[in-house]
Amino acid sequence: MRSTCGDRRGPKVAACCSALILLLVFVVFPASALDATFFVAENGSSYHVDMEINDVSEFSFEKPGVLGEKVPAEAGNISLIYQNGSAAPFEDKGRSIEFEKGNYTVGYDSGIDNHDFQALFDNRYNISVYLPSVFDVRNPLLGMVSTGGEVIAGDEVSEDESLSGNNTVNDTDSGYEGLRIDWVKRNYAEIRFYDSFQEKMLMIFGSLWLVVAVVFLVPYLMTRRRKE
């Protein structure tokens, strides 16, 4: 005996409802991003990072290449930490490490070329970059922050935030003295930072051009006025 049309539609309706429920779950309760925190060294030539990794047994040290592709990166001061805060064993393969599959925080040092920091991830991360007070990113002629980055001044950074590895935060009564740049759920972050010397040179260069413009413009305007 053949089933009725209503009976045949029942499984389809149930499947559609299930798919809709799953979609609402992902939209209303999106998967939380992992955390990656970078600490730029005082001389701007390197950084230390602490980043979460989940359900993996290998981690490769990589950085963005010229075309945005991933290329191997030099890494030192490597650490692997269990979620309970204790050190985890790993095997150093040179440009990668291997370990028992699980959830960890991996830390390491790597270099920065020409004050241009870049980070590229396979997954979405909540990214924070701590920049020492000797550097800045807020002058658009010298610095830049990639899309989605929020620059937070030192006096807005919580006093109890501290750096790991061999770095230390310059905590004062007003908080961290440098800048913090945050991105939420991004797989790429970049900043180009500069020091006070570069900013002074820009001001000197701009002043010289202003003087040159005045020297040539004033005689021209005076000559034109006489002709009129």
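The values are calculated or read from the model by the stated rules, or taken from the named source; none is laboratory data. Fair warning: this is a prediction, and the values are worked out from it, not measured in the lab. Counting neighbours? That spans all protein chains shown, and the Cβs are built from the backbone with ideal geometry, glycine included. Just the protein is used for accessible areas: all its heavy atoms, side chains included, with ligands, DNA and RNA removed. Shrake-Rupley method; radii C 1.70, N 1.55, O 1.52, S 1.80 Å.
Assuming R0 = 30 Å, can you tell me the calculated FRET efficiency for the pair GLU42 and LEU67, based on Cβ-Cβ distance, to the nearest 0.05?
Given R0 = 30 Å and the Cβ-Cβ separation, E is 0.45.
Among residues other than ASP136 whose Cβ falls under 9 Å from its Cβ, what is the net charge (Lys/Arg +1, Asp/Glu -1)?
-1
Among 98-110, 139-151, how do they line up from the highest to the lowest mean number of other beta-carbon atoms within 10 Å?
Highest-to-lowest ranking by the protection proxy: 98-110, 139-151.
Hey, got the dipole for the stretch 32-79? About the Cα centre, +1 on K and R Cβ, -1 on D and E Cβ, debye to the nearest 20?
180
Using a Förster distance of 22 angstrom, determine the FRET efficiency expected from the C-beta separation of PHE197 and ALA153, and round it to 0.05.
Efficiency for this residue pair is about 0.55.
Can you tell me the accessible area per residue over the stretch 25-134, all protein chains present, probe 1.4 angstrom, in square angstrom?
54
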